[in-house]
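Just below is one structure, and these are the notes that go with it.
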Amino acid sequence: MGNILDEIVHAKRREVAEARARRPLAEVQAAARAAAAPRDFHAALSGPPAHYGIHVIAEIKRRSPSAGLIRADFDPQAIARIYQQHHATCLSVLTDGPYFDGRPEYLQQVKAAVPLPVLRKDFIVDAYQVYESRAAGADCVLLIGEVLPPAQLTELLDLAWDLGMTSLIEVHEADTLAGLRDAIGFPNGKRSLLGINNRNLKFQKTDLATTERLAGRVGAGTILVSESGVKSRADVDRLIAAGARALLIGETFMKAPDIGAKMHEVLQPA
């Protein structure tokens with residue numbers, strides 16, 4: 001494998017094949033259709049932010065390939081409650097096991113703890129995972145443009161829409177964004193958000209200029225989420241100026257001994 005993203009995707013395809021063998025697709029489809037209606041992740045980010053001047057998608061994760069162990073005292077429900085108390089609009093929950101120490105059951109735990117809409121943060125490579133996400137209670141799924149060809153991403157977007165979910169469509173490269181813009185359009189009528197990941201997933205380098213470089217290349221009305229690398233209010237103001245409507249922040253909060261105090265420090269305007 002040439003880089004960490006290739007390695008993760010290869011492992012994820014094997015993981016999905018194993019999951020299909022344990023639990024047939026028809027069973028997962030039935031569970032997805034029977035699940036309680038999703039919370040509207042898209043609508044939550046559509047209105048004006050009540051706090052901080054920007055919406056916040058606060059992330060729950062224990063580990064990452066770039067940072068290693070981030071938080072040893074890891075209680076997803078307690079963390080979710082802190083995020084809610086400090087005015088997060090939505091939550092992101094890592095469910096990948098091998099690389100992030102995530103678990104699908106964290107989704108149910110978090111949704112039982114707070115009323116906020118929840119994103120399943122994982123590497124989606126197959127329609128099976130979209131059904132699996134809805135069955136597990138996810139309100140939104142992540143579709144990564146550097147992982148999925150435009151035709152497949154379009155199919156998965158349509159499936160998520162059919163299941164009532166929001167899709168966070170993530171890009172890092174300008175060419176990826178251009179291809180998806182031609183395939184699905186930004187904005188579009190499929191309850192989608194555009195996430196610009198400031199971290200290069202292949203080599204784990206982060207640069208906030210990625211959002212500044214790509215934000216102007218989509219149509220008016222696109223809900224733009226800037227992901228990764230936010231560490232200060234100056235970063236927040238910089239990304240607001242670039243056109244971000246929401247920020248996805250995980251590592252900065254999860255590393256802090258006092259998560260709530262760190263949220264106030266990073267997000268509260270001067």
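Values quoted throughout were computed directly from the atomic coordinates according to the rules given, and no laboratory measurement underlies them. Being a predicted model, the structure only gives us computed values, none of them experimental. Don't worry about glycine lacking a Cβ; one is built from the backbone with ideal geometry, like all the others, and counts go over all protein chains shown.
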Subject >> Difference of contour (0.36 nm per residue) and Cα-Cα distance, Ala178 to Gln109 >> reply: 21.1 nm
Subject >> Surface/4 estimate of mean projected area, convex hull on alpha-carbon atoms of the range 100-202, nm² >> reply: 6.7 nm²
**OP:** Evaluate the distance, in nm, between pseudo-label points positioned 7 Å from the Cα of Ala241 and of Ala31 along their respective Cα→Cβ axes.
**Re:** 4.8 nm
Subject >> Sequence-separation-based contact order of the range 83-217, relative, with Cα cut under 8 Å and 6+ spacing, percent >> reply: 16 percent
**OP:** Inverting the mean 1/r over all pairs of different Cα atoms, compute the Kirkwood radius of the range 16-69 and quote it in Å.
**Re:** 15.4 Å
Original post:
Using 17 Å as the cut-off for backbone N distance, which residues of the range 176-197 belong to the label zone defined by a point 7 Å from the Cα of Asp40 along Cα→Cβ?
Top reply: 188-193
Original post:
Based on the Cα gyration tensor of the range 83-136, what are the three equivalent ellipsoid semi-axes, each the root of five times an eigenvalue, rounded to whole Å and given largest first?
Top reply: 21, 12, 10
**OP:** Measure up Lys121/Lys255; Lys12/Lys262; Lys121/Lys205; Lys61/Lys231; Lys190/Lys231 against 21 Å on the Cα-Cα distance and list the ones that go over.
**Re:** Lys12/Lys262; Lys190/Lys231
Original post:
So if we plug the beta-carbon distance of Arg14 and Thr206 into 1/(1 + (r/R0)^6) with R0 = 25 Å, what FRET efficiency do we get, rounded to 0.05?
Top reply: 0.35
**OP:** Give me the percent of Cα-Cα pairs in the range 4-267 that sit more than 29 Å apart, rounded to a whole number.
**Re:** 23 percent
Original post:
Relative contact order, percent, of the chain when contacts are C-alpha pairs under 8 Å separated by at least 6 residues?
Top reply: 20 percent
